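These notes concern the structure reproduced below.
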Amino acid sequence: MSDIWFKTGEATVFAAEGQVTDAMPEVLIGSVKGPAGHAFASMMGQVQGHTRMFVVRDCNQMVRPATMMTTKATIHSAEYVELLGGVVQAAIGDAIVDCVAEHVIPAAIVEDICMIIMVWLDPRCPDDPNLDKKDLYRTNYEATKLAIARAMQDKPTVEELIANRKTIKHYALDGIIDY
């Protein structure tokens with residue numbers, strides 16, 4: 001039985017030069033009997049523009065722990081859904097299985113916990129004639145592994161956040177706020 005009740009993590013992995021394949025997953029991990037499990041179950045229906053799906057590595061290969069993924073951006077095309085349910089889902093699925101194999105997620109608790117992953121897939125991806133699907137896979141794989149590890153390790157700690165408060169700023173604030 002897992003004592004994981006509610007853990008969160010996030011990560012950003014930037015695209016290769018000239019690509020719009022940045023990955024920024026946000027992860028919720030928790031007991032299937034707690035608030036994460038209730039949220040997971042409530043996601044079983046669909047919401048227009050925000051497809052929800054189990055994470056699978058391939059057909060008939062649903063990952064453990066059971067994981068639901070959804071988008072942060074509104075879906076407007078079948079091509080977007082194809083990328084989300086193809087390359088992105090495969091990358092996330094592989095990252096989850098590798099987290100279990102590497103003991104980031106203990107194998108003994110995979111049936112007791114569930115995960116929800118909110119995925120950033122840039123709306124420009126489906127229309128980009130030069131989209132590098134290998135880079136899309138890479139960024140989502142790396143970011144998912146990092147977000148899960150951070151959640152499981154409760155990173156960053158409050159002490160880390162306080163220590164770097166004046167040295168690290170949000171990338172969107174460059175030139176706007178001086179510390």
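We did not get these values from a lab; they are worked out from the coordinates using the rules stated. These figures come from a predicted structure and were not determined experimentally. Here the Cβ positions follow ideal geometry from the backbone for every residue, glycine too, while neighbour counts run over all protein chains shown.
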Suppose every Lys and Arg Cβ carries +1 and every Asp and Glu Cβ carries -1, with no other charges. What dipole size does segment 67-179 come out with about its Cα centre, to the nearest 20 debye? 300
If amide hydrogens are placed 1.01 Å from N in the peptide plane, which non-local residues have theirs closer than 5 Å to the one on Arg52? Val47
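With a Förster radius of 22 Å, plug the Cβ-Cβ distance of Ala39 and Gln61 into 1/(1 + (r/R0)^6) and report the FRET value to the nearest 0.05.
0.40
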If you take the Cα atoms of segment 7-173, find Rg, then find the Kirkwood Rh from the mean of 1/r over all pairs, what is Rg/Rh? 0.97
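Ser77 to Lys134: extension gain in nm, 0.36 nm per residue of separation minus the Cα-Cα distance?
Taking 0.36 nm per residue and subtracting the Cα distance, the gain is 18.4 nm.
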Apply the Karplus curve 6.51 cos²θ - 1.76 cosθ + 1.60, θ = phi - 60°, to the phi angles in segment 112-117 and return the couplings in whole Hz, x for Gly and Pro. 9, 10, 9, 9, 10, 10
Which of the pairs Lys7/Lys134; Lys72/Lys166; Lys72/Lys155 have their Cα atoms more than 27 Å apart in this structure? Lys7/Lys134; Lys72/Lys166
Suppose each label sits 7 Å from its Cα in the direction of the beta carbon; what would the Glu10-Asp98 distance come out to in nanometres? 2.3
Could you give the dipole magnitude of segment 1-147 about its Cα centre, charging the beta-carbon of Lys and Arg +1 and that of Asp and Glu -1, in debye to the nearest 20? 420
Could you please state, rounded to a whole Å, how far the C-alpha centre of segment 36-54 is from the C-alpha centre of segment 111-126? 11
Using the Kirkwood formula on the Cα atoms of segment 76-179, what hydrodynamic radius do you get, in angstrom to one decimal? 16.2
Of the DSSP beta bridges with both residues in the chain, give the percent that are antiparallel, rounding to the nearest 5. 75
What ³J(HN,Hα) values, in whole Hz, does the Karplus curve 6.51 cos²θ - 1.76 cosθ + 1.60 give for segment 56-62 when θ = phi - 60°, with x put for Gly and Pro? 10, 7, 6, 3, 6, 10, 5
Vicinal HN-Hα couplings computed from phi for segment 75-91 (Karplus, 6.51 cos²θ - 1.76 cosθ + 1.60; Hz; Gly/Pro x): 7, 10, 8, 5, 5, 5, 4, 4, 5, 4, x, x, 4, 5, 4, 5, 5
Based solely on its DSSP helices, what 222 nm [θ] is calculated for the chain when runs of n ≥ 4 H residues each add -39,500 (n - 2.57) and the sum is averaged over all residues, nearest 500 deg cm²/dmol? -9000 deg cm²/dmol
